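My structure is below; once you've seen it, I'll send some questions.
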Amino acid sequence: MKIKDSYDRTIDYVRIAITDRCNLRCFYCMPAEGIPYEPKQHLLNYEEITRLLRILGEAGFKKVRFTGGEPFLRKDFIKLLENTHALGYYKSIHITTNGTLIQKHIPKLKALGITNINLSLDSLDKERFETITRRNDFEKVMASFNDLLAHGFNVKINAVIMNGVNTQDIIPLTQLAKHTRVSVRFIEEMPFNGGYKKVDDLFTAKNIYTTLKGHFQDLTPQVTAHGDTATVYKVSGLEGSIGIIPAFSRSFCNTCNRLRITSKGDIKTCLYDGGVFSIRDYLRSGASDAELEAKFKELIRLKPKDGFEAEQLRVKGNNATESMSTIGG
């Protein structure tokens, strides 16, 4: 079974933010004082998340990614992972984390067969890391990174590249892929931090490519899977790969295969929309499994063509400036 939108894209990947809380304060994601967190009762509970995942799995979804905030901040996150694994629908269970709290859970993750980890790491310079995150956790993140590699995890590094902040980290971060099969992915900065960016302020995907090409002459594009957001490159001498994600330019929308659910249960059919429906409220109103599945299909059919259309459809004056911690990535 496949669920398709009106542009004939198969939607089979759901990203679920299980919390809006984070223990870092990366300035491109949230202000130094943090954000007003949702009360616990406003969040989807684990039983509700598991039910939604079962319904989506029965409808053809095959991949799930848990994000936050920082997902390991939420109590008993491992229990949710166990429940998801037990459903049997998701052969591909992924986690996006800042790496500060994952280390003690690595053996359990491996036992569950969860080996796909995206690690947010914007600099290999300790002082610059602390400036970006406003926290002193660099050694903790690097220890987690090394442990994940030692246990055979598939690790992707997510590095948001910011003009005048960490462009000098592009080549050092790339070197992480020299002797391991790490995928280092450089991401255009997005507007989701409360302060809308103009394209002239950004270090764009083209700028990132030019920087890499100036250092690696044999930068060779690879064939990627349908739905991948990154343009992936191989370089001789690197065991891993390099990727560029044009998150602001939005040039990958034609192969989008994802649905997002925020921590408070808002459905986002596009990263750039303002939230199109509260599946939490619908679920708590007593909706049946069949009604929930029908609602998912209805919302997917209304999925916009791309991020630009989604942004235009937002309520007037409601620019895409919410915290990424609230959205869930």
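With each pseudo-label sitting 7 Å past Cα toward Cβ, what's the GLU139-ASP289 distance in nm, one decimal?
Spacing of the two 7 Å Cα→Cβ label points: 5.1 nm.
While we're looking at this one, here's another question. How many nm separate the modelled label positions at LEU219 and LYS108, each set 7 Å beyond the Cα in the direction of the Cβ?
With each label placed 7 Å out from Cα toward Cβ, I get 4.1 nm.
Mind listing the phi-derived Karplus ³J(HN,Hα) values for region 161-176, rounded to whole Hz, using 6.51, -1.76 and 1.60 with θ = phi - 60°, and x for any glycine or proline?
Values per residue, Gly and Pro as x: 9, 10, 4, x, 10, 9, 4, 6, 8, 4, 5, x, 5, 4, 5, 4 Hz.
Still on this structure, please answer the following. Which trypsin sites (Lys or Arg not before Pro) does region 111-207 hold that lie in a coil by DSSP with at most 11 other beta carbons within 10 Å? Present the calculation step by step, with values, prior to reporting the outcome.
Values: sites: LYS126, ARG128, ARG134, ARG135, LYS140, LYS156, LYS178, ARG181, ARG185, LYS197, LYS198, LYS206; in loops: ARG134, ARG135, LYS178, ARG181, LYS197, LYS198.
Counting only loop positions with at most 11 other Cβ atoms within 10 Å, the trypsin sites (Lys or Arg not before Pro) in region 111-207 are LYS198.
With point charges of +1 on the Cβ of Lys and Arg and -1 on the Cβ of Asp and Glu, referenced to the Cα centre of region 16-68, which listed residue (PHE66, ASN45, CYS26) lies farthest in the positive direction of the dipole?
Result: PHE66.
Would you please name the chymotrypsin sites (Phe, Trp or Tyr not before Pro) within region 174-277 that are DSSP coil residues with at most 13 other C-beta atoms within 10 Å of their C-beta? If you can, show how the numbers build up before the last one.
Values: sites: PHE186, PHE192, TYR196, PHE203, TYR209, PHE216, TYR233, PHE248, PHE252, TYR272, PHE277; in loops: PHE192, TYR196, PHE203, PHE216, PHE248, PHE252, TYR272.
Listed in order of number, the matching sites are TYR196.
Another question about this same structure. Would you pull out the residues with amide H under 5 Å of LEU259's amide H, same chain only if 5 or more places away, H placed 1.01 Å from N?
Under 5 Å from the amide H of LEU259 lie the amide H atoms of TYR13, VAL14, ARG15, each far enough along the sequence or on another chain.
Write down the accessible area per residue of the chain in Å², having rolled a 1.4 Å probe over the full set of protein chains.
On the way: 14420 Å² over 329 residues.
Accessible area per residue: 44 Å².
Across the chain, where is the longest run that never hits GluC sites (Glu not before Pro) in a DSSP loop with at most 16 other C-beta atoms within 10 Å?
34-238
Still on this structure, I have one more. Which cysteines does the chain leave without a neighbouring Cys Cβ under 4.7 Å?
Lone cysteines by the Cβ rule: CYS22, CYS253, CYS256, CYS270.
Also: With the Cα gyration tensor of region 68-180 in hand, convert its eigenvalues to equivalent ellipsoid semi-axes via √(5λ) and list them largest first in whole Å. Walk me through the numbers before you get to the answer.
Working: eigenvalues 145, 45, 30 Å².
Taking √(5λ) for each eigenvalue gives 27, 15, 12 Å, largest first.
Also: Need one number: nm distance between label points at LEU313 and ASN83, each 7 Å from Cα along Cα→Cβ, rounded to one decimal.
Each label point is offset 7 Å from its Cα along the Cβ direction, giving 3.0 nm.
Loop-only check: which trypsin sites (Lys or Arg not before Pro) in region 1-104 are DSSP coil with at most 13 other Cβ within 10 angstrom? Don't jump to the answer; show the numbers that get you there.
Working: sites: LYS2, LYS4, ARG9, ARG15, ARG21, ARG25, LYS40, ARG51, ARG54, LYS62, LYS63, ARG65, ARG74, LYS75, LYS79, LYS91, LYS104; in loops: LYS2, ARG9, ARG21, ARG25, LYS62, ARG74, LYS75, LYS91.
Passing sites in region 1-104 are LYS2, LYS75, LYS91.
Let me ask another. Of all DSSP beta bridges located in the chain, what percent are antiparallel, nearest 5? Intermediate results must be reported in sequence, preceding the final value.
Working: 10 of 43 bridges.
Antiparallel bridges: around 25 percent, rounded to the nearest 5.
If I compute solvent accessible area with a 1.4 Å probe over the protein chains, what percent of it on the chain is carbon and sulfur?
Details: 7350 of 14420 Å².
In the chain, the share of accessible area belonging to carbon and sulfur is 51 percent.
Now a separate question. Hey, of (i) 15.9; (ii) 18.6; (iii) 20.8, which did the structure itself give for mean projected area of the Cα convex hull in nm² when calculated?
Identified label for the calculated read-out: (i).
With +1 on each Lys and Arg Cβ and -1 on each Asp and Glu Cβ, how big is the dipole of the chain about its Cα centre, in debye rounded to the nearest 20?
Numbers: 47 positive and 38 negative charges, 111 e Å.
Here the size comes out at about 540 debye.
Here is a further query. In whole angstrom, note down how far apart the Cα centers of region 52-89 and region 166-188 are.
The distance from the Cα centre of region 52-89 to that of region 166-188 comes to 28 Å.
Restricting to DSSP H runs of at least four residues, report the calculated mean residue ellipticity at 222 nm for the chain, -39500 (n - 2.57) per run over all residues, nearest 500 deg cm²/dmol.
Values: 11 runs with 96 residues, N = 329.
The helix contribution divided over the chain gives -8000 deg cm²/dmol.
Right, something else. Toward the positive end of the charge dipole of region 1-143, about the Cα centre and with charges on Cβ (Lys, Arg +1; Asp, Glu -1), which of HIS94, ILE114, ALA17 goes farthest?
ILE114
Compute the signed sum of charges (Lys and Arg +1, Asp and Glu -1) over the other residues within less than 11 Å, Cβ to Cβ, of VAL235. Please list the in-between numbers first.
On the way: positive: LYS178, LYS213, LYS234; negative: ASP218, GLU239.
Charge balance near VAL235 sits at +1.
While we're here: Roughly how many Å² of ASP228 are accessible to a 1.4 Å probe, to the nearest 10?
Surface open to solvent at ASP228 totals about 70 Å².
Work out the FRET efficiency for LYS4 and LYS75 from their Cβ-Cβ distance, taking R0 = 45 Å, and round it to the nearest 0.05. Don't skip to the answer; put the middle values down first.
On the way: r = 37 Å, r/R0 = 0.82.
According to the calculation, E is roughly 0.75.
I've got another one for you. Taking amide hydrogens as modeled 1.01 Å from N in the peptide plane, which residues meet the under 5 Å criterion relative to ILE157, leaving out close sequence neighbours?
HN-HN under 5 Å from ILE157: LEU119, SER183, VAL184, ARG185.
Same structure again: Could you give the length gained by full extension between GLU33 and SER251, i.e. 0.36 nm per residue of separation minus their alpha carbon distance, to one decimal place?
Details: separation 218, 0.36 × 218 = 78.48 nm, distance 3.33 nm.
Result for the pair: 75.1 nm of gain on full extension.
For region 11-16, in order, what is each residue's ³J(HN,Hα) by Karplus, 6.51 cos²θ - 1.76 cosθ + 1.60 with θ = phi - 60°, in whole Hz (x at glycine and Pro)?
Values per residue, Gly and Pro as x: 9, 9, 9, 10, 10, 10 Hz.
The values are calculated or read from the model by the stated rules, or taken from the named source; none is laboratory data. Here the structure is a predicted model, which means the values were calculated and not measured. When we count neighbours, we look across all protein chains shown, and the Cβ atoms used for this are built from the backbone with ideal geometry, even at glycine. Calculation scope for accessible area: heavy atoms of the full protein, side chains included, ligands and nucleic acids excluded. Shrake-Rupley method; radii C 1.70, N 1.55, O 1.52, S 1.80 Å.
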